[in-house]
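The values are calculated or read from the model by the stated rules, or taken from the named source; none is laboratory data. Note that the coordinates shown come from a computational prediction; the quantities given were computed from them, not determined experimentally. Cβ placement follows ideal geometry from the backbone for every residue including glycine, while neighbour counts extend to all protein chains displayed. Side chains included, ligands, DNA and RNA excluded: accessible areas come from the protein's heavy atoms. Shrake-Rupley method; radii C 1.70, N 1.55, O 1.52, S 1.80 Å.
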Amino acid sequence: MSVLSTPLTAMIPVARPYIGAEEEQAVIDVLRSGWVTQGPRVAEFEEKFSEYIGCDYSVAVSSCTTALHLALLASGIGPGDEVICPSLSFIATANSIAYTGATPVFGDIDLATYNLDPARLEETISPRTKAVLIVHQIGLPAEMKELLAVAAKRGLTVIEDAACAIGSEYDGNLIGKPLGTMACFSFHPRKILTTGEGGMITTSDAKLAERLRRLRQHAMSLSDVARHNAKQISSETYDEVGFNFRMTDMQAAIGLAQLCRLDDFLKRRRYLAARYTEGLQNIPWLQTPAVPHNCRHNYQSYMVRLIGDCAARRDELMQDLLEKKISTRRAIMATHRELPYRSERWEHCLPQTNLIADTGLILPLFHQMTDSEQDYIIDALQAY
């Protein structure tokens, strides 16, 4: 292994949120307004998000995890049910199913896209299966047409975990329209659009949207805004058990500022991803991402895969890069290997998931990354 002649003095992170003066001023304005909890800014964020995505309804919540939880509950998922999802996903995907009392059932992935393999979906369906939770992993859309066809044939509800997929496109439409009954987004700091923490549920079903709005706020029949603006005394009722999954107006204000610049964020990430692909394409032990012809990737993360003799040396490479001040992350986690979901059942039926979890590597990618920083990373990989 060679040592680069121009070492960096500062660490290159895997990700870094892009927060500017617009977001700072937006929060100050909310603080001065006197309304900081869920209120008018949240409603505006929902409206603008729907306009951007092209969906009918958007419901803001406290995280994508709570979005998935509410989407499953609103779909009638509960104890005794099974929900199919990939193991190759952040553990929140499976956790959201477990929160309802249902059981996550893991399907294997397509090795090219890291998303659920439609050809393997049928074999995971049982008489208890009620839904499929499809993940658009690291921003690359899943093969929705084929997955939806299997789900429709078996009468299964489809919910999209679009945590990483804002700005990604499938067949010319933005993810989140949605193609299933609902799609759920994350605004965590590692996502392209951030509100610190936060999430959004999109749907075309007016009744679903209404129920989601109630459930996120303790199932109150009247929102805080409605009570505040009422011209007559009014009292709310609580007709079912709800949750405190609200987004604050401070978060929504940041989201509105970020949404105005989202297209610029996406353009920059796609530019940097193209530079990676060009710079890394001739490394024989490294496989760059593949994007199907009917998809447009937002590159929430840029993940490569080690192949050949180098595949078993991923962690050694990560340490070598860390010593050169380049942060990396292991591939997407395999949830079935974590203690809450560990079972003999999954040991041998998820070979593609295990392969990616063991050989994938996420490289730094963020809006502020300079060409020289990226060149330094590419040179480090070429020198390995």
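Summary of computed values
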item: Percent of C-alpha pairs per 5 Å bin, segment 291-345, short to long; result: 4, 13, 16, 17, 18, 18, 11, 3, 0
item: For segment 10-113: accessible area per residue (Å², 1.4 Å); result: 38
item: Cross-link partners of LYS325 among aspartates and glutamates (Cα-Cα below 19 Å; sequence separation of 8 or more within a chain); result: ASP315, GLU316, ASP371, GLU373, ASP375, ASP379
item: Along principal axes, Cα extents of segment 132-183, largest first, whole Å; result: 30, 19, 15
item: Percentage relative contact order, the chain, counting C-alpha pairs under 8 Å, at least six apart; result: 24
item: Cα pair count fraction exceeding 19 Å, expressed as % - segment 1-88; result: 68
item: For segment 242-384, alpha-carbon Rg over 2.2 N^0.38 Å; result: 1.26
item: Cα Rg, Dmax (largest Cα-Cα span) when computed across segment 257-310, Å; result: 13.5, 46
item: The chain: calculated mean residue ellipticity at 222 nm from DSSP helix runs of at least 4, using -39500 (n - 2.57); result: -11000 deg cm²/dmol
item: Mean Cα-pair separation over length for segment 183-331, i.e. relative contact order, pairs under 8 Å, 6 or more apart, %; result: 16
item: Neighbour-limited loop hits for GluC sites (Glu not before Pro), segment 168-277 (at most 10 other Cβ within 10 Å; DSSP other than H, G, I, E, B); result: GLU240
item: Kirkwood estimate for segment 1-156, i.e. one over the average of 1/r between Cα atoms, Å; result: 18.9
item: For segment 299-306, Karplus couplings with θ = phi - 60° (6.51, -1.76, 1.60), whole Hz, Gly/Pro x; result: 6, 4, 9, 10, 10, 9, 10, 7
item: Size-normalised alpha-carbon gyration radius of segment 65-213, reference 2.2 N^0.38 Å; result: 0.95
item: Square roots of five times the Cα gyration tensor eigenvalues for the chain, Å; result: 36, 27, 17
item: Once the Cα gyration tensor of segment 163-262 is diagonalised, semi-axes √(5λ) in Å; result: 28, 17, 12
item: Helix runs (DSSP H) in the chain reaching 24 Å along axis by Cα, Kyte-Doolittle at least -1.0; result: 262-280
